Amino acid sequence: MPPIDVLLRKGNQGFNNPVAEVAAFSRRKENECPIARTQYTRFYLTTNNKSETKIPSPSEEIVSYKALGNVDHPQLVQFTTSPFEAETEITGHIMAHLGVSRSGIPGQNSPSDMDIFVTLRHFDVQGKEIFYTGSMGDPVPVVKGWLRVSLRKVNENHPRHRAYLPYREYRKANVQDAEAGKVCPVDIELWPTNGIVGKGNTLALEVSSRDTQGTGIFGHYDPDDRSVFATICCRFKPNTDMDY
C-alpha cells in the first residue's frame, strides 16, 4: 500500500461544508512526498503586479508598501497570473524568492528587521476567491508562509536543502540585520499544499508585512514582538520568482 494519501481540492465547494467536499474532493495514493514526477515551474513577478512564466525584461523598478499600517486593513501588494489555459494541479512545496529592502520614516528610530508574510490565493473565472476550510472551520486561502528577514540565512550545503525547500538552522550566529536601503534576497517557504486550478482561473501571490485574511486565531499579534516593525517601509524588486 503506497504510504502517501493526497486529497485533491477541486472546484469551489465553499468552506466548512464537509458534505460538498466529500462529494467533490477525490483522493489519490502516492509512493513519496514530494511527488517524484512534480514539474517545478517558475513564475516571475513584475512591476505591473503580474506573475508570468516568461522571464521579464531586466528592470531596477521597485514595488513598495508601508509596513503594518492599519491592523484591520494591512497594506500589501498582490501579483496575479494570467488565466490558466488548462486545468492544472498544484501539489507539494511552494517557495517565493524575493529581493526585499526597508526604509525608515524620517525623524523616527529605524528598526533593523522586518517580517514578510506571503499568501497564495485562488480565483475563479469571475474573479471570486475560492476559499478552503481551515482548522477552525474558517475560510482560508490556498496556503501561507512567512519569514523574519534577519533569519533568512540558508544552508545550501545541507543534505536536506532543496531549491523548493530552503534549509535553515536558525542559529544565533546566523542572524543578519536587514540594512536600510540594501536589497536582501530571501527565500520564503510556503507550507506544502494541494489545489486544482481550473481552466480560466488565476492564482495571486500576496506579499504583506503582517497577517492578512485567512490567519484565523493563529496570528502574529504579540505587542512587544511586533511593535518594533511599525516604522518600516518594505520594498522589493521585480523579476523575482516563485516556484511550485
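Residue by residue, here is whether (1) buried (at least 18 other Cβ atoms within 10 Å of the Cβ); (2) in contact with a Lys or Arg (Cβ under 9 Å, 6 or more places away or on another chain); (3) hydrophobic (A, V, I, L, M, F, W, C) holds:
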position	(1), (2), (3)
Pro159	no, no, no
Cys184	yes, yes, yes
Thr193	yes, yes, no
Ser208	yes, no, no
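Out of (1) touching a strand residue (DSSP E or B) at 6+ places or on another chain (Cβ under 9 Å); (2) modelled with pLDDT of 90 or more, what's the single condition that is false for Ala20?
With (1) touching a strand residue (DSSP E or B) at 6+ places or on another chain (Cβ under 9 Å); (2) modelled with pLDDT of 90 or more applied to Ala20, the lone miss is (1).
Given the criteria in contact with a His (Cβ under 7 Å, 6 or more places away or on another chain) and under 22 Å from Glu21 (Cα atoms), does Val125 qualify?
no
If the Cβ limit is 7 Å and pairs must be 6+ apart or interchain, which residue in segment 123-151 that is within 29 Å of Glu179 (Cα to Cα) pairs with which residue that is of a type in the set (D, E, K, R) and assigned to a loop (DSSP other than H, G, I, E, B)?
Close Cβ pairs (under 7 Å, with a partner that is of a type in the set (D, E, K, R) and assigned to a loop (DSSP other than H, G, I, E, B)) amount to Arg148/Asp113; Val149/Asp113; Ser150/Asp113; Ser150/Asp177; Leu151/Arg168.
Let's see how each residue does on (1) under 26 Å from Pro185 (Cα atoms); (2) among the hydroxyl-bearing types (Ser, Thr, Tyr); (3) assigned to a strand (DSSP E or B); (4) modelled with pLDDT under 80:
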position: Lys54; (1), (2), (3), (4): yes, no, no, yes
position: Val71; (1), (2), (3), (4): no, no, no, yes
position: Met95; (1), (2), (3), (4): yes, no, yes, no
position: Val100; (1), (2), (3), (4): yes, no, yes, no
position: Ser110; (1), (2), (3), (4): yes, yes, no, yes
position: Val118; (1), (2), (3), (4): yes, no, yes, no
position: Arg121; (1), (2), (3), (4): yes, no, yes, no
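Please identify the pairs in which a residue from segment 71-85 that is under 14 Å from Asn49 (Cα atoms) and among the β-branched types (Val, Ile, Thr) has its Cβ atom under 7 Å from the Cβ atom of a residue that is at pLDDT below 90 and part of a strand (DSSP E or B), counting only partners at least 6 apart or on another chain.
Val77/Val63; Val77/Tyr65; Thr80/Lys50; Thr80/Ser51; Thr81/Ser51
Quick one: Lys172 ticks every box in (1) of a type outside the set (Val, Ile, Thr); (2) surrounded by 12 or more Cβ atoms within 10 Å (Cβ to Cβ); (3) at pLDDT below 95 except a single one, so which number is it?
(2)
Could you run through segment 1-52 and say how many residues are outside any strand (DSSP E or B), within 25 Å of the chain's Cα centre (by Cα) and not aliphatic (A, V, I, L, M)?
21
Kindly evaluate Gly200 against the criterion of being out of contact with any helix residue (DSSP H, G or I) (no Cβ under 7 Å at 6 or more places or on another chain), at positive phi and in a loop (DSSP other than H, G, I, E, B).
Considered against the rule, which asks whether it is out of contact with any helix residue (DSSP H, G or I) (no Cβ under 7 Å at 6 or more places or on another chain), at positive phi and in a loop (DSSP other than H, G, I, E, B), Gly200 comes out as yes.
Scan segment 203-244 residue by residue and report those that are touching a Gly at 6+ places or on another chain (Cβ under 8 Å), assigned to a loop (DSSP other than H, G, I, E, B), among the charged types (D, E, K, R) and modelled with pLDDT under 80.
If the condition is that a residue be touching a Gly at 6+ places or on another chain (Cβ under 8 Å), assigned to a loop (DSSP other than H, G, I, E, B), among the charged types (D, E, K, R) and modelled with pLDDT under 80, then no residue fits.
Pull out all pairs, ordered by first then second residue, where Cβ-Cβ is under 9 Å, the residues are six or more apart or on different chains, the first lies in segment 1-21 and is closer than 18 Å to Pro141 by Cα and in contact (Cβ under 8 Å) with a residue 12 or more places away in the chain, and the second is among the basic types (Lys, Arg) and part of a loop (DSSP other than H, G, I, E, B).
Going by the 9 Å Cβ cut-off, the qualifying pairs are Asn12/Lys128; Glu21/Arg9.
Across segment 30-49, which residue is nearest to Thr80 (Cα to Cα) among those that are without any contact (Cβ under 8 Å) to a residue 40 or more places away in the chain and out of contact with any strand residue (DSSP E or B) (no Cβ under 6 Å at 6 or more places or on another chain)?
Among them, the one singled out is Asn48.
The values are calculated or read from the model by the stated rules, or taken from the named source; none is laboratory data. Just so you know, these numbers come straight off a predicted model, no measurement behind them. FYI the Cβ positions are ideal-geometry reconstructions off the backbone, even for glycines, and counts take in every protein chain you see.
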